[in-house]
Amino acid sequence: MVTQIIITVVVTAIWVGLLAFFYWGCERGVEKPRLVGTFGILGLLLAVSGEYYGLFVAPPESAMGDVYRIFYVHVPADWMAFMALSLNFVFSVAFLFKKNWRMDSLAEASAEAGLVFGIMGVCTGSIWARPTWGTWWTWDPRLTTAAVLLIAYGGYLALRRFVDDPEKRGVWSAVWAIFAAVDLPLVWFSVKFWRSIHQTQSTPETIRDPRMQWSLRWNAFAFLFLLIFFVMSRYRISRLARETEMAPPPEALPVGGHA
Amino acid sequence: MPDPLEGAGLAVDVQDVSKRYGRRWALAHVSLQLRPGDSLLLTGHNGSGKTTLLKVLSTTIAPSLGAVKVFGSDAKVDREAIRRRVALLSHANYLYEDLSAEQNLRLLARLLGDDAQAQVPTLLDKVGLKARAAHAVREFSAGMRKRLAVARLLLKRPQLALLDEPFGELDPAGIAQMEGIIRDLKTGGTTLVLATHLVEQGQALCSRRLHLSEGRVAQQ
Amino acid sequence: MNILRGAWVILAKDMLIEWRTRARLNALLFFSLATLFLFSFAGSSDTSLLRQNAAGYLWLAVLFASVLSMGESFRIESENSALDGLRLAPADPRSIYLGKAWGNAILLWTLAVVLVPFMIVLYDVSLTMGLPRLLGTLALGALAISAPGTIHASIASNARARDVLLPVLLFPLLVPALLSAVRATALVIEGDPMDQLTSWVRLLIVFNVIYWGLGFALFPRVIED
């Protein structure tokens, strides 16, 4: 019980920290690409060591043997996807409240990063399902929600591509992102309810071996750094693109013309 | 230079307005003041920002920078009040192709309030569409659509009328009729902004003139 | 002019336009019928399987038709910038939303109702739980499609590739509502031994409340600068 509370507090703290960090940090990252690169390198190092740990040091699982090891990639990827997309929701709401262009770039960056991790999560989930349950796909709530989420945020990025006016693009994609974010829990509930009538799947929810726990946490942090790297890089691209797209305010001519 | 209009109840008060579409500034640092009853001729080449300015005045779009006040209402705060007193005749005619002329007018009348309904037949007659009132707009020529659009404008009985190329698509008889309508609006005390390439007709109808070039106010 | 009165005016306008262009409605109906037919060819011809999936086929046909009809609903508004004309009347954007969304819902519901006898014949189903329950379920589903559909049709109508963009935007959002509508409809058709219908209907109502609330709140941001 206490562990649950601690975990919830830690995750919330990380989320809030990410929010603040992105808001202030991404702008810095535009001028200092080396800062962005540092996160990438850190993330890569952590990921490589994390995968090594997960592949060779952590023990095999009681039911699934060695097959389960892919979950050291699958679970952090899913976590990062949800982090990124929940941040996207906050950025979108913030943009609608006050047309701060930083928020729009952050929303775009977090959506793309979330999509990348989401694809990773769904693919690894599918690869995992094959030897475990014999099928490439199961209709369990998590996988289904993740798949709908991917299609949805693919749509978000399509919308951004197809709207030329930057101001409309920001507003409309924010509106859509709010719909999508509200909708995701609904997808979860409805699929869960639907599946509860048919059958329930089993996933390794309880991880007791400390080596497994450490491996998971290590990989989670690795992916967190990679998430930061992705978002900051994508933010940079978005900001620089916007600079070419939106002209700065026009100079006032010295000669005024009053009618 | 001291503002001679300071303190008066202005019909239009545009303060340093700029409007951006992506890379392009359609309007840049435009300021304009009109008293009630003024009539302004707006000239400039295609793409100089005339239509954009009219859209900003009508609150169709919001400016990127600057402030717009119409009859004392701020466009950022109380758009609805402005829209009730302003009517825009633009390139688009705001018509539903599949409804008849009369149905299009009655739709607007219903949104305006009960007393507007009574005006519909009179206006159709005034613009010369009485005979075709029940025909779908889809069958109308460009000139007839223009006349219906004018009827729409008159239905609102606006205090500020914004006319974007009102003489376009009209034959000489139509142009004369439009001039008559504009003169009637003026006599009725409506403040007028008229954007047109027909400078002669414009100058005959308007007391003031504003020339736009590349989104900026050009010297007279 | 309060919001409901404005919505009614706009709803009446849309219904009038639908009536005057009813040839298009016929085409939409034939499109849905063709879709229903094709589903039976696409799956196996096992009649018991077809019967089980009938509700799903019905709702898919309605969904595909909805993209066309909602797209059209906004094409007439952008044709002559008529939507701007409504905005400037002035009409409250929320009235515009309610009027158009209710109009779309009525259209979809009517379409679904007309498809029901064809579904009965093609897939050999019976209305085990009675017609009123079916009509109610169809109504809830139509409303749930229309609420997000209307706002996204408005967005798509102003973007490039608008015909493709609307289903791309809409389909993932409609998964929960569609799932609930299909399940509820299937229960009404096949019978409900375990009394699950209430739960699905309740879910549908919740989705409707959320979608309509969001649409009502966000539509002004979509159409106003």
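In the stretch A:123-179, which residues are open to solvent by 50 Å² or more (accessible area, probe 1.4 Å) and either among the polar types (S, T, N, Q) or within 14 Å of another protein chain (Cβ to nearest Cβ) (or both)? Of everything in the stretch A:123-179, those that are open to solvent by 50 Å² or more (accessible area, probe 1.4 Å) and either among the polar types (S, T, N, Q) or within 14 Å of another protein chain (Cβ to nearest Cβ) (or both) turn out to be A:135, A:139, A:151, A:161, A:162, A:164, A:168. If you filter the stretch B:168-189 down to residues that are over 20 Å from residue B:33 (Cα atoms) and in contact with a Gly (Cβ under 7 Å, 6 or more places away or on another chain), you find that the one that is least open to solvent (accessible area, probe 1.4 Å) is B:174. Here B:88, B:99, B:123 are screened, and the one residue that is under 16 Å from the mean Cα position of the chain (by Cα) and closer than 28 Å to residue B:174 by Cα is B:88.
For the subset of the stretch B:93-140 comprising residues that are assigned to a helix (DSSP H, G or I) and polar (S, T, N, Q), which member is farthest from residue B:157 (Cα to Cα)?
Step one: of the stretch B:93-140, the residues assigned to a helix (DSSP H, G or I) are B:101-112, B:114-117, B:119-126, B:137-139.
From the residues that got through so far, the ones that are polar (S, T, N, Q) too are B:103-104, B:117, B:119, B:122.
On the way: B:103: 19, B:104: 17, B:117: 13, B:119: 10, B:122: 13 Å.
Ranking the candidates gives B:103 first.
Would you check which residues across the stretch C:1-38 are under 15 Å from residue C:118 (Cβ atoms) and within 19 Å of the chain's Cα centre (by Cα) and list them? Show your work before the answer.
Kept after step one, since they are under 15 Å from residue C:118 (Cβ atoms), are these residues of the stretch C:1-38: C:26, C:28-38.
Matches in the stretch C:1-38: C:26, C:28, C:29, C:30, C:31, C:32, C:33, C:34, C:35, C:36.
Look at (1) under 19 Å from the mean Cα position of the chain (by Cα); (2) at positive phi; (3) within 11 Å of another protein chain (Cβ to nearest Cβ) and you find that residue B:82 fails only one, number (2). Scanning the stretch B:71-87 for residues that are among the charged types (D, E, K, R) and either open to solvent by 30 Å² or more (accessible area, probe 1.4 Å) or part of a strand (DSSP E or B) (or both) yields B:74, B:76, B:78, B:79, B:80, B:84, B:85.
Only one of the numbered conditions (1) assigned to a helix (DSSP H, G or I); (2) open to solvent by 10 Å² or more (accessible area, probe 1.4 Å); (3) not small (Gly, Ala, Ser) is violated by residue C:195, and that is (1). Taking residues in the stretch A:234-250 that are hydrophobic (A, V, I, L, M, F, W, C), and partners anywhere that are open to solvent by less than 20 Å² (accessible area, probe 1.4 Å) and in a loop (DSSP other than H, G, I, E, B), the pairs with Cβ atoms closer than 8 Å and at least 6 places apart or on different chains are A:246/B:22; A:247/B:22. Summed over the stretch B:49-63, residues that are in contact with a strand residue (DSSP E or B) (Cβ under 7 Å, 6 or more places away or on another chain) and part of a helix (DSSP H, G or I) total 7.
Of all the criteria given as (1) within 12 Å of another protein chain (Cβ to nearest Cβ); (2) open to solvent by 10 Å² or more (accessible area, probe 1.4 Å); (3) without any contact (Cβ under 8 Å) to a residue 40 or more places away in the chain, the one not satisfied by residue C:76 is (3). Residue under question is residue B:192, and the condition is that it be open to solvent by less than 20 Å² (accessible area, probe 1.4 Å), within 14 Å of chain A (Cβ to nearest Cβ) and in contact with a Leu (Cβ under 9 Å, 6 or more places away or on another chain); does it hold? So residue B:192 fits the description; yes. Of all residues in the stretch B:1-18, which are at pLDDT below 90 and either within 14 Å of residue B:210 (Cβ to Cβ) or open to solvent by 40 Å² or more (accessible area, probe 1.4 Å) (or both)? B:1, B:2, B:3, B:4, B:6, B:7, B:8, B:9, listed by residue number. Filtering the stretch C:139-160 down to residues that are assigned to a helix (DSSP H, G or I) and open to solvent by 10 Å² or more (accessible area, probe 1.4 Å), which residue is nearest to residue C:104 (Cα to Cα)? Per the stated criteria, the residue is C:143. Scanning the stretch A:136-149 for residues that are without any contact (Cβ under 8 Å) to a residue 60 or more places away in the chain and within 19 Å of residue C:177 (Cβ to Cβ) yields a total of 6. Taking first residues from the stretch C:174-199 that are of a type in the set (Lys, Arg) and partners that are modelled with pLDDT of 90 or more and open to solvent by less than 30 Å² (accessible area, probe 1.4 Å), the Cβ contacts under 9 Å between residues at least 6 apart in sequence or on separate chains come to C:183/C:55; C:183/C:200.
Go through the residues of the stretch C:27-44 one by one and say whether even a single one is in a loop (DSSP other than H, G, I, E, B), over 30 Å from residue B:151 (Cβ atoms) and of a type in the set (S, T, N, Q).
So in the stretch C:27-44, the residues in a loop (DSSP other than H, G, I, E, B) come out as C:43-44.
So of that shortlist, the ones also over 30 Å from residue B:151 (Cβ atoms) come out as C:43-44.
Retained after the next criterion (residues that are of a type in the set (S, T, N, Q)): C:44.
Scanning the stretch C:27-44, I find at least one residue that is in a loop (DSSP other than H, G, I, E, B), over 30 Å from residue B:151 (Cβ atoms) and of a type in the set (S, T, N, Q), so the answer is yes.
Assess whether residue A:69 counts as being open to solvent by less than 40 Å² (accessible area, probe 1.4 Å), part of a helix (DSSP H, G or I) and among the basic types (Lys, Arg). Answer is yes for this residue. Can you name the residue in the stretch B:19-60 that is surrounded by fewer than 19 Cβ atoms within 10 Å (Cβ to Cβ) and away from chain A (no Cβ under 13 Å) and, of all such residues, is nearest to residue A:169 (Cα to Cα)? Within the stretch B:19-60, the match that is nearest to residue A:169 (Cα to Cα) is B:47. Taken as a whole, the condition of being away from chain C (no Cβ under 14 Å), within 25 Å of residue B:202 (Cα to Cα), outside any loop (DSSP other than H, G, I, E, B) and open to solvent by less than 50 Å² (accessible area, probe 1.4 Å) does not apply to residue B:67.
Of all residues in the stretch B:88-131 being open to solvent by 30 Å² or more (accessible area, probe 1.4 Å) and in contact (Cβ under 8 Å) with a residue 24 or more places away in the chain, which is nearest to the other protein chains (Cβ to nearest Cβ)? Taking the candidates together, the pick is B:112. Kindly establish whether residue C:189 is within 12 Å of chain A (Cβ to nearest Cβ) and either open to solvent by 10 Å² or more (accessible area, probe 1.4 Å) or hydrophobic (A, V, I, L, M, F, W, C) (or both). No: the conditions fail for residue C:189. Could you tell me which residue of the stretch A:99-147 is farthest from residue A:240 (Cα to Cα), considering only residues that are part of a helix (DSSP H, G or I) and among the aromatic types (Phe, Trp, Tyr)? Applying the filter and picking the extreme gives A:133.
Scan the stretch A:88-100 and report the pairs whose first residue is closer than 18 Å to residue A:183 by Cα and more than 13 Å from chain C (Cβ to nearest Cβ) and whose second residue is open to solvent by less than 50 Å² (accessible area, probe 1.4 Å) and among the acidic types (Asp, Glu), with Cβ atoms within less than 9 Å and a gap of 6+ or a chain change. Short answer, once both residue conditions are applied: A:88/A:108; A:91/A:104; A:91/A:108.
The values are calculated or read from the model by the stated rules, or taken from the named source; none is laboratory data. Everything quoted here is computed from the prediction, not taken from an experiment. Note that we place each Cβ from the backbone using ideal geometry, even for glycine, and neighbour counts take in every protein chain shown. For the accessible areas, the whole protein counts, side chains as well, though only heavy atoms, and no ligand, DNA or RNA atoms are used. Shrake-Rupley method; radii C 1.70, N 1.55, O 1.52, S 1.80 Å.
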